[in-house]
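In what follows, a single structure is set out as structure tokens and then discussed.
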Amino acid sequence: MAEESPHRVRRESYLPPERSRISLGALGKGEGSGMGGFGALTMMKRKISKWRMTKGGRSSVSSKQARPQIKMENTFRLEPNDEQRFCVHRVKQPIEDSIKLFLAQTNTYNVKKCSSVCKFLADDVKRRIKELGYTRHKIVVNVVLGQEKQQGIEYATRCLWNIEHDNYATVTFRHNDLFAVVSVFGVYYE
């Protein structure tokens with residue numbers, strides 16, 4: 001087995017990763033033989049593959065770049081202003097308007113349409129309540145639709161909240177053989 005030449009030197013250019021190149025060269029008379037050249041070639045391939053796995057060769061999966069999130073400064077407000085308090089009498093009118101919009105034309109209870117009407121009604125009520133300017137409240141809407149057949153129904157809710165800042169409003173509606181109960185909860189968050 002031939003001995004490696006002491007003049008064999010590995011040179012690497014210190015350019016940015018986009019232009020980084022590895023070159024192997026021999027200084028002096030000997031070219032080197034045996035496994036020395038193969039080992040250097042393997043090292044060069046490893047270096048290139050490592051470069052491809054890092055930031056230089058990584059290709060983006062999506063063409064969109066992530067937008068930086070806007071950081072808001074803390075307000076340190078622990079309770080709502082007087083005009084920001086969740087007022088029941090102010091909230092009931094948009095709930096009633098939304099119920100009339102979705103259910104006033106309905107003459108009979110329809111099982112197939114009931115689930116979609118509940119979803120649309122809840123979304124519409126939530127949108128109308130948010131338009132009132134409750135920016136620091138979590139709005140939760142619960143809609144119950146049913147067919148009235150002289151049966152009894154009990155509807156109860158329990159909440160764990162701050163009684164000074166949080167509140168709720170409930171509106172009931174009856175039309176022909178249809179009834180609806182819409183409850184809106186406004187929970188203040190700091």
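Remarks
- Linear extension gain, Lys119 paired with Asn81, 0.36 nm per residue minus alpha-carbon span: 10.5 nm
- Distance between the modelled labels on Gln65 and Thr172, one decimal in nanometres: 5.9 nm (7 Å Cα→Cβ projection).
- Taking other C-beta atoms within 10 angstrom as a stand-in for reagent exposure, Ser98, Ser115 fall in the order Ser115, Ser98, fewest first.
- FRET efficiency for the pair Glu96 and Met72, taken as 1/(1 + (r/R0)^6) with r the Cβ-Cβ distance and R0 = 30 Å, rounds to 0.30.
- Cβ crowding within 10 Å ranks Phe185, Phe86 as Phe185, Phe86, fewest other Cβ atoms first.
- If you plug the beta carbon distance of Val140 and Val88 into 1/(1 + (r/R0)^6) with R0 = 25 Å, you get a FRET efficiency near 0.95.
Values quoted throughout were computed directly from the atomic coordinates according to the rules given, and no laboratory measurement underlies them. None of the values given here were measured: they were computed from a predicted structure. Here the Cβ is made from the backbone with ideal geometry for all residues, glycine too, and neighbour counts use every protein chain on show.
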